[in-house]
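The values are calculated or read from the model by the stated rules, or taken from the named source; none is laboratory data. Note that the structure is predicted; figures quoted are calculated from it, not measured. Here the Cβ positions follow ideal geometry from the backbone for every residue, glycine too, while neighbour counts run over all protein chains shown. For the accessible areas, the whole protein counts, side chains as well, though only heavy atoms, and no ligand, DNA or RNA atoms are used. Shrake-Rupley method; radii C 1.70, N 1.55, O 1.52, S 1.80 Å.
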Amino acid sequence: MDILRLEAVTKRFGGIVACKDISFGIPEGRIMGLIGPNGAGKTTIFNLITGVYSLTAGRIYFRGADITRLRPDELVALGIARTFQNIRLFRNLTVLDNVRIAVDRNLPYSFGAALARLPSVLSKERAVYRQATEYLAALGLSGRAGDRADSLPYGLQRKLEIARALALKPKLLLLDEPAAGMNPEESAELARLIRRIHGEFGLTTLLIEHHMDVVMELCEQIYVLNFGVKLAEGDAETVQGNPDVLRAYLGEGYKRAGN
Amino acid sequence: MLIQTLVTGLAIGGIYALMAVGYSLVFSILNFSNFAYGSIIMLGAYVGYYLLMKAGLPLAVSVAGSVMGAAFLCYLNERMAYSTLRKRNAASLYFMISAMGTAIFLENLVYATIGSRFYAFPEIITQQNITFWGASIGVLDVFAIVFSFTAIYMLHYFLQHSRVGIAIRAASYDMQVCQLNGVNITRLVGWVFLLAGALAGLSGMFLGMKYMVYPTMGWITNKAYIAAVIGGLGSLPGAVVGGLILGVLETLVSTYVSSVIRDVFSFSLLVVLLLVLPTGLFGKYLEEKV
Amino acid sequence: MLSYISGIITFSLIYVIAAVGLAIFTGFTGLFSLGHAAFFAIGAYTAGILTYFYDVNFWLALASGGAMSGLVGILIGYPTLKAKLRSDYFAIATLGFGEAVRVLLENLEITQGARGLPGIPAETTLPVAAGVTVIVLWVARNFVHSRYGRAAVAVREDFVAAEMMGINLFQVRLLSLVFSAICGGVAGGLFAHYVSFIQPSMFTSYLSTQLTASVVAGGMGSITGPAVATVIFIAIPEVLRVASMWRLVAYGLLLVAIMVFRPQGLLGFRELSWAGVKRWLTLGKAAGQGRG
Ligand SMILES: Nc1ncnc2c1ncn2[C@@H]1O[C@H](COP(=O)(O)OP(=O)(O)OP(=O)(O)O)[C@@H](O)[C@H]1O
Ligand SMILES: [Mg+2]
């Protein structure tokens, strides 16, 4: 069964059609790639799925339920989490606090209890702390827990974003160019990491990535966008063999990445 | 009676529109509410009053002086209170606090040095009436309507046809792209504040003539902010329409209901509007790029 | 002399309570209020009217003042925070709100209009003010160190990312507004029972300005910073007997200067702690000895 389905999704910004008539589904447990040249509309699709933008037309279903008009926080509650292409950490907070904010969702307590700092709050706070450190450990960030988020090197900031998203206990994880700015060794390591957490946390993953080696390594299924419309869809081989894709994007890009 | 009320309403609405346009102009570029705008209007009125009454200059020259004075002060305001924040890319909260600080500083500086006295323009200017279709209409109101619309039209023309104007409009869509295309942002922002200041000077003059000149007269910009929200924050046509609507409705309320609840009415209007039409009449709901 | 000093302290503490409330709101959630004096006024009038006209117990009146302010906070917060709008809308609404409350106070019968309420029982003593201050500081600290405090900070830092962390923007903003309004209301109630006479002209933008200046100078994202700054701002000008308009000139200049030169304020994003004070003191001493 598809965990997520987009049906004829369209988004316009004034005159710009960022994506048009996009339909696809992601089977549960799969890693799917979403690729396409710059400005193709990939991030826009993430923003539509996560409720950051509202749809111009179309519907989105998550585990069979219509989620088209839900708010981001409601979608998170259903089990959708994401990272951002242009990293959006809470920059002035510590690495630990960044993850804590995400963990908080799993251990709720009432406002009144918080103000009185009842014993139940204290024990939940301890649990929050414990869980947050576990997620940091899972991403290899334990040593940096006390550092300010914006003091981390770029690569670690991306990992922290992933840690924060995982801490929401999602069923569907959307990763927006997690390997951006990484060299081939780093991106290979990141690919291994993504595969590991995908299995470990029982995720379904939708991945936007320009590093074709990462995409080809991880994704069983790929959806190709160009100028907001679907160009091709299928497994890695089908997509790589598609002449349209080769012409529009993959051909040059892949060869360059391969060299 | 109704015609008279409508004309008065349009006159005050025209002044609201002037102020709201000045405020929206800054908002559309720098994305923050310039709460110092009221004190620039107040200073413009003082400058105009001084030129007319103390320096004995003709009215037209005094108005011009007030416009230029306020434009300069508004420009100075940006250089001193906002430019560093702009270069630091500070959050809009910081801009708002800085603006608020400027307003408090200027208002109380006038209060502490010039004093809290109310200065009135001579009655020859403020109290003339003409009879029109049986209604007695203030000459000042007619002037306010004519001059507000002329000024707004001139601004519109400037934004549509001059190089700087086109750059300003481009920047209001996307500052970053504008910067990438080699537009000198500091110069551009300077222009925006000069223009907004000029409108402040003109509205300060009219407000001074209508209600007298005093340190806290700038507080009337509250109405301009409300007008801008009614029209849709950041939209210039919205500011004009919002100003006119607010001016006319307020005058109707204070004529036919009670002048005491006029301000409560404006506020309630704002709250109700936010509930039913959060983005205002002309607010293009911009989804910020994520 | 002693009563003069205890008076200044009591007065400062009342403002500390209101400033801590505003600190939670502006410093933690990043929303800007231009009419916070209105919450203070609502608390003052509610509590004052209850004890003056109805002989209600002082503590109950104080709580009612806080509750009434909180309720009004919901009324104004609901429409202005509901739609996911920029904080500008809220700032503008508070501006109109502050005015509207003053107009109402001046024209309602129960508030006796501009004449005000004379002869409210003087129940606010130094121990009372100190006790309430301690409670408010404790509760504020609990807020900050809870999931609600963290959510508020997340919203301030980046509300798009905060929403993607499952945080309900509206709920967080409204809760911190209500909390802040209650603090303002309680402070107002204490104020009414300290000065014994209240009238609408006491709750103008001057008060809002003073509170904002304290929060900004004390440091956003801090509770103790604004608390310390409030004491400095109330006590020093009072002792030096500076005319209030020159105080305001200075506040205005200070706000701009802080935004331009030191946006984090005195203690931005940090709290005053004994360890910190000790470290600072020993550093000072070491420096002093070095010089000596
Ligand atoms: N909030 C917005 N307002 C206006 N236009 C937007 C907005 N968001 C995206 N767009 C436009 O939509 C188009 C698609 O953008 P999008 O960010 O989805 O591309 P992308 O495939 O993620 O590209 P990249 O690989 O560069 O990240 C672009 O033309 C972009 O300018
Ligand atoms: Mg993208």
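Tabulated data for the structure shown
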read-out: Selected residue (only one of C:222, C:176, C:201 is open to solvent by 10 Å² or more (accessible area, probe 1.4 Å) and among the small types (Gly, Ala, Ser)); value: C:201
read-out: Qualifying residue in segment C:144-153 (condition: more than 18 Å from residue C:222 (Cβ to Cβ), in a helix (DSSP H, G or I) and small (Gly, Ala, Ser)); value: no
read-out: Some residue of segment C:93-102 being open to solvent by 30 Å² or more (accessible area, probe 1.4 Å) and modelled with pLDDT of 85 or more; value: yes
read-out: Verdict on residue B:60 being within 12 Å of chain C (Cβ to nearest Cβ), surrounded by fewer than 21 Cβ atoms within 10 Å (Cβ to Cβ) and out of contact with any Ser or Thr (no Cβ under 9 Å at 6 or more places or on another chain); value: no
read-out: Residues located in segment A:38-52, provided they are over 13 Å from the mean Cα position of the chain (by Cα) and more than 7 Å from ligand 1 (Cβ to nearest atom); value: A:51, A:52
read-out: Out of C:151, C:129, sole residue that is under 26 Å from residue C:3 (Cα atoms) and of a type in the set (A, V, I, L, M); value: C:129
read-out: From the options B:254, B:268, residue that is within 11 Å of chain C (Cβ to nearest Cβ) and either buried (at least 19 other Cβ atoms within 10 Å of the Cβ) or more than 16 Å from ligand 1 (Cβ to nearest atom) (or both); value: B:268
read-out: Wholly within segment B:86-182, helices (runs of 4 or more DSSP H) carrying at least 1 residues that are of a type in the set (S, T, N, Q) and open to solvent by 50 Å² or more (accessible area, probe 1.4 Å); value: B:92-113, B:139-161, B:175-180
read-out: Test: residue in segment A:2-10 that is away from every other protein chain (no Cβ under 14 Å), more than 12 Å from ligand 1 (Cβ to nearest atom) and exposed (fewer than 14 other Cβ atoms within 10 Å of the Cβ); value: yes
read-out: Selection count where residues are within 14 Å of another protein chain (Cβ to nearest Cβ), within 20 Å of residue B:200 (Cβ to Cβ) and either free of Cβ contacts under 8 Å to residues at least 60 places away in the same chain or open to solvent by less than 20 Å² (accessible area, probe 1.4 Å) (or both), scope segment B:231-242; value: 6
read-out: Single residue of A:180, A:188 found to be over 19 Å from residue C:163 (Cα atoms) and more than 14 Å from the chain's Cα centre (by Cα); value: A:188
read-out: Some residue of segment A:53-60 being at pLDDT 90 or above and within 16 Å of ligand 2 (Cβ to nearest atom); value: yes
read-out: Residue within segment A:165-178 that is farther than 24 Å from residue B:91 by Cβ, open to solvent by less than 40 Å² (accessible area, probe 1.4 Å) and away from chain C (no Cβ under 14 Å) present; value: yes
read-out: Flag if residue B:52 is among the aliphatic types (A, V, I, L, M) and in a helix (DSSP H, G or I); value: yes
read-out: Residue check, residue A:220 within 18 Å of residue A:30 (Cβ to Cβ) and of a type in the set (D, E, K, R); value: yes
read-out: Matching residues, segment C:225-262, being surrounded by fewer than 21 Cβ atoms within 10 Å (Cβ to Cβ) and modelled with pLDDT under 80; value: C:235, C:236, C:237, C:238, C:239, C:240, C:241, C:242, C:243, C:244, C:245
read-out: Scan of segment C:103-143 for residues that are away from chain B (no Cβ under 14 Å), surrounded by fewer than 21 Cβ atoms within 10 Å (Cβ to Cβ), among the aliphatic types (A, V, I, L, M) and not in a loop (DSSP other than H, G, I, E, B), ordered by number; value: C:117, C:126, C:128, C:130, C:134, C:135, C:137, C:139
read-out: One residue from A:39, A:64 being more than 28 Å from residue A:106 (Cβ to Cβ), of a type outside the set (Phe, Trp, Tyr) and out of contact with any Lys or Arg (no Cβ under 8 Å at 6 or more places or on another chain); value: A:39
read-out: Single residue of B:220, B:185 found to be hydrophobic (A, V, I, L, M, F, W, C) and open to solvent by less than 20 Å² (accessible area, probe 1.4 Å); value: B:185
read-out: Subset of segment A:30-44 [more than 9 Å from ligand 2 (Cβ to nearest atom) and not small (Gly, Ala, Ser)]; value: A:30, A:31, A:32, A:34, A:35, A:37
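Condition check ((1) among the hydrophobic types (A, V, I, L, M, F, W, C); (2) farther than 30 Å from residue A:75 by Cα) across all residues:
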site: A:155; (1), (2): no, no
site: A:165; (1), (2): yes, no
site: A:202; (1), (2): no, no
site: A:225; (1), (2): yes, no
site: A:235; (1), (2): no, no
site: A:242; (1), (2): no, yes
site: A:247; (1), (2): no, yes
